[in-house]
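Only one structure is covered here, and it is reproduced in the block below.
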Amino acid sequence: MKMRVLSLCAVLVFQGLYARTERRLNVLFITADDQNTALGCYGHPIVRSPNIDRLADQGVRFDRAYCQYPLCNPSRASFLTGMRPDTTRVYENETHFRKNLPDVVTLPQLFQKSGYLTVRIGKIYHYGVPGQIGTSGLDDVPSWNLVANPRGRDKDDEAKVTNLTAASSHTVAGYRFQASRSVCGFSVLRQRCRTSGSSSRGEFTF
């Protein structure tokens, strides 16, 4: 299975400004929503991801990295500020972290202070997909020297997307699902619970 890396990922590039006087390593940071470890480089038995696998061979693969918060904006605000969601106080996809932390120094700002040129291409801080593709969304202006907001295939195919959301919250195996959870995802989990015979939070892991 060939992964469409460009449709899933946004790219963050740090480039040294003073390479002629001091040799600096360029830093490429790629982030993808909802990717988890279903990749060949993590030993998945079905997924074929040769491009990501080659990148993992040349870079650093994190084997003990955990989700800061099960939502895009809180997670991105967390790893770009180095602060946990209970410090940023960002718990949903609408709040900009600088509302609560106006003077925080972000990861790209730290690179800037070290003489790097920081460039963002696509989604690094949060924006809604596909509705806000091609915009800056909840971007952080002080973080970047240059930005680019490519439109991308997801935006072109937006009219073909059907969003199925639950009408109300549900509880399955002790996990509560709010309206933002897809009906499809909820149905799959419910079926897994039935198959495994799970009846409580402690008995079911996903």
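State which residue pairs qualify: first residue surrounded by fewer than 15 Cβ atoms within 10 Å (Cβ to Cβ) and inside the range 120-133, second residue modelled with pLDDT of 90 or more in any location, beta carbons under 9 Å apart, and separation of 6 or more residues or different chains.
none
Please go through the range 144-176 and give me each residue that is in contact with a Leu (Cβ under 6 Å, 6 or more places away or on another chain) and modelled with pLDDT of 80 or more, ordered by number.
Answer for the range 144-176, where residues must be in contact with a Leu (Cβ under 6 Å, 6 or more places away or on another chain) and modelled with pLDDT of 80 or more: just Asn145.
Yes or no: the range 134-143 includes at least one residue that is at pLDDT below 90, under 25 Å from Thr88 (Cα atoms) and not in a helix (DSSP H, G or I).
For the range 134-143, residues at pLDDT below 90, under 25 Å from Thr88 (Cα atoms) and not in a helix (DSSP H, G or I): absent.
More than 16 Å from Pro142 (Cβ to Cβ) and touching a residue at least 24 places away in the same chain (Cβ under 8 Å), is that true of Ala32?
Details: more than 16 Å from Pro142 (Cβ to Cβ): yes; touching a residue at least 24 places away in the same chain (Cβ under 8 Å): yes.
Here the answer is yes, as Ala32 does meet what is asked.
Okay, residues lined up against (1) out of contact with any Ser or Thr (no Cβ under 8 Å at 6 or more places or on another chain); (2) within 22 Å of Pro130 (Cα to Cα):
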residue	(1), (2)
Gln35	yes, yes
Ala38	yes, no
Cys41	no, no
Arg64	yes, no
Pro70	yes, yes
Thr81	no, no
Pro85	no, no
Thr95	yes, yes
Pro102	yes, no
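Grab the helices (runs of 4 or more DSSP H) fully contained in the range 16-108, keeping just those with 1 or more residues being in contact with a Pro (Cβ under 7 Å, 6 or more places away or on another chain).
Those helices (runs of 4 or more DSSP H) span 72-81, 85-88.
So which of Lys155, Lys160 ends up being open to solvent by 20 Å² or more (accessible area, probe 1.4 Å) and free of Cβ contacts under 8 Å to residues at least 24 places away in the same chain?
Criteria check complete, one pass: Lys160.
The values are calculated or read from the model by the stated rules, or taken from the named source; none is laboratory data. Please read these numbers as outputs of a predicted model, since none were measured by experiment. Ideal geometry is used to build each Cβ from the backbone, glycine not excepted, and the neighbour counts take in all protein chains shown. The accessibility values were calculated without ligands, DNA or RNA, using every heavy atom of the protein model including side chains. Shrake-Rupley method; radii C 1.70, N 1.55, O 1.52, S 1.80 Å.
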